[in-house]
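Report on the following structure.
The values are calculated or read from the model by the stated rules, or taken from the named source; none is laboratory data. On a predicted model such as this, the values are computed, not experimentally measured, just so you know. Every residue, glycine as well, gets a Cβ built from its backbone with ideal geometry; the counts of neighbours run over all protein chains shown.
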Amino acid sequence: MRAATAAAGALAIVVFAAGASAVADSPPATGARLAATGSIETAFTPGDRIDNLIIAAIAAAKREVLVNAYSFTQRRISGALVAARKRGVSVQVIADSQQAATLPQNVLLELVKGGVDVWLDSNYQAAHNKVVIVDADTANATTITGSYNFTVAAQWHNAENIVILRDNQEVARAYRDNWLRLKAHATPWPGARTDSR
């Protein structure tokens with residue numbers, strides 16, 4: 001028994017050492033360190049009305065709303081995007097192509113019919129970003145991100161979270177730059193007219 005325990009311990013040390021070596025040999029993490037300005041708000045489901053927070057941010061948009069969506073079935077959020085578009089705000093959505101094809105209750109066609117530019121991203125196993133970027137070039141720039149899909153289930157049945165970063169242009173621009181990189185390889189919604197209003 002002691003021999004087996006000693007052997008298992010030795011094996012664990014070798015595996016740990018190999019893992020530590022692999023981590024040490026990994027390329028350095030990359031990312032941007034940005035200034036902490038503005039305010040940060042957090043919200044969680046169940047409990048908080050994340051849908052209302054997202055809708056309020058969209059309603060406050062003056063120039064532009066950019067969205068990354070994985071699953072999108074929340075009609076109240078899609079309605080807020082269409083209303084923003086009707087107010088003259090540029091509204092564009094990049095959605096996961098697989099979810100768009102397989103989720104029958106998705107609201108993407110409603111968005112297209114409402115004048116919102118919709119793009120489909122099939123370049124990854126999952127286009128899993130959930131982001132709303134509002135007026136990235138203004139002092140009131142807002143970025144919303146987290147685990148929350150734009151779905152009824154995320155609001156009422158799942159444990160989800162968001163972070164709202166207000167009045168931080170640097171963060172909003174970083175997310176917008178990523179949004180634009182993803183859009184460059186995405187496909188417009190079939191048959192939709194797309195432009196950058």
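Things to note:
Every residue, every condition in (1) free of Cβ contacts under 8 Å to residues at least 60 places away in the same chain; (2) in contact with a helix residue (DSSP H, G or I) (Cβ under 6 Å, 6 or more places away or on another chain); (3) not aromatic (Phe, Trp, Tyr), yes or no:
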{"position": "Trp156", "(1), (2), (3)": "no, no, no"}
{"position": "Glu160", "(1), (2), (3)": "no, yes, yes"}
{"position": "Ile164", "(1), (2), (3)": "no, no, yes"}
{"position": "Ala172", "(1), (2), (3)": "yes, no, yes"}
{"position": "Asn178", "(1), (2), (3)": "yes, no, yes"}
{"position": "Trp189", "(1), (2), (3)": "no, yes, no"}
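So that you can scan it fast, the table gives a plain yes or no per residue for (1) in a loop (DSSP other than H, G, I, E, B); (2) more than 27 Å from Thr37 (Cα to Cα); (3) of a type outside the set (A, V, I, L, M):
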site: Ala84; (1), (2), (3): no, no, no
site: Asn106; (1), (2), (3): yes, yes, yes
site: Gly115; (1), (2), (3): yes, yes, yes
site: Ile133; (1), (2), (3): no, no, no
site: Asn161; (1), (2), (3): no, no, yes
site: Asn178; (1), (2), (3): no, no, yes
site: Leu182; (1), (2), (3): no, no, no
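- Selection count where residues are within 15 Å of the chain's Cα centre (by Cα) and part of a strand (DSSP E or B), scope segment 57-80: 6
- Every condition in (1) part of a loop (DSSP other than H, G, I, E, B); (2) crowded, with 19+ Cβ neighbours inside 10 Å; (3) modelled with pLDDT of 90 or more is met by Tyr148 except one, and the failing one is (3).
- Residue check for Thr102: in contact with a strand residue (DSSP E or B) (Cβ under 7 Å, 6 or more places away or on another chain), modelled with pLDDT under 95 and more than 26 Å from Ala174 (Cα to Cα): no
- Among the residues listed as Asp137, Asp177, Asp167, the single one being at pLDDT 90 or above, under 17 Å from the mean Cα position of the chain (by Cα) and surrounded by fewer than 17 Cβ atoms within 10 Å (Cβ to Cβ): Asp177
- Pair list, Cβ < 9 Å and 6+ apart or interchain, from segment 39-62 residues that are closer than 12 Å to Thr145 by Cβ to residues that are outside any strand (DSSP E or B) and small (Gly, Ala, Ser): Ile50/Ala154; Ile54/Ala80; Ala57/Ala80
- Of all residues making up segment 24-46, the number that are part of a loop (DSSP other than H, G, I, E, B) and modelled with pLDDT of 90 or more: 1
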